[in-house]
Amino acid sequence: MNSAQEIHHRVKNNLQVICSLLNLQSQTNTNLQVAEIMQESQDRVKSMALVHENLYQSESLSKINFKTYVTDLTNNLLRSYRSKVSQIRITIFSPNIYLEIDTAVPCGLIINELVSNSLKYAFPQQHDGQIDIHMTQTAKQMLALKISDSGIGLPANLNFARSQTLGLRMVNTLTKQISGTITVKRETGTSFEICFPQSR
């Protein structure tokens, strides 16, 4: 194991320790709202740990395969919400796109928040549902990340750009962090499209 691999391995292990501590804390707490907050925090930390795990396993040690990473990330979310979303399918489309760590971490957190929101709120009757995640290269050094669901859609009175919920505020902040722009469509379900430069 070289020094770069060792760093990614240690960071991943440290983040997994934090996840374990959050899990223990949630198990000893009888307040369902607090337990849900703990679970959301675990998922956020896991999304960062997965970046370092993928970098540790990557040949380049500096970039990760987006589709492999997001597959691991969404499988973890489906396990977290399995009691609510047994009929929900997630499809990932990404034609051989690789991300550097300073882009992969915020992208992973954005996907974590938006997919979590869909799993929690978009399918209240637990009917069959679909979540699609697309990452495509739109122009030279520009990427478009699209996350859409077939659910009930955002509330009509929700102003996404000025939302006070932690998750949506994080999405707005992280989009700015990667020098991106975000577009929200509500025609059929909900669709978020984030365009950003591939490297900064």
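A few comments on the model shown:
- Count of residues meeting criterion [open to solvent by 70 Å² or more (accessible area, probe 1.4 Å) and at pLDDT 85 or above] in segment 157-175: 2
- Residue tally, condition on the phi > 0 side of the Ramachandran plot and out of contact with any helix residue (DSSP H, G or I) (no Cβ under 9 Å at 6 or more places or on another chain), over segment 121-167: 2
- Selection status of Q141, surrounded by fewer than 12 Cβ atoms within 10 Å (Cβ to Cβ) and in contact with a strand residue (DSSP E or B) (Cβ under 8 Å, 6 or more places away or on another chain): yes
- Test: residue in segment 114-125 that is within 13 Å of Y69 (Cα to Cα) and within 16 Å of the chain's Cα centre (by Cα): no
- Any chance L55 is in contact (Cβ under 8 Å) with a residue 24 or more places away in the chain and more than 25 Å from E193 (Cα to Cα): yes
- Here segment 176-195 is the region considered, the condition is being surrounded by 14 or more Cβ atoms within 10 Å (Cβ to Cβ) and touching a Gly at 6+ places or on another chain (Cβ under 8 Å), and the residue that is farthest from S47 (Cα to Cα) is G189.
- Any chance D102 is under 19 Å from V70 (Cβ atoms), touching a strand residue (DSSP E or B) at 6+ places or on another chain (Cβ under 8 Å) and of a type in the set (D, E): no
- Only listed residue being touching a residue at least 40 places away in the same chain (Cβ under 8 Å) and within 26 Å of A49 (Cα to Cα), chosen from T175, T181: T175
- When L154, L109, L145 are checked against the criterion of being touching a Lys or Arg at 6+ places or on another chain (Cβ under 7 Å), hydrophobic (A, V, I, L, M, F, W, C) and under 21 Å from E53 (Cβ atoms), a single residue qualifies: L109.
The values are calculated or read from the model by the stated rules, or taken from the named source; none is laboratory data. Nothing here was measured: the structure is a model prediction, and the numbers come from that model. Every residue, glycine as well, gets a Cβ built from its backbone with ideal geometry; the counts of neighbours run over all protein chains shown. Calculation scope for accessible area: heavy atoms of the full protein, side chains included, ligands and nucleic acids excluded. Shrake-Rupley method; radii C 1.70, N 1.55, O 1.52, S 1.80 Å.
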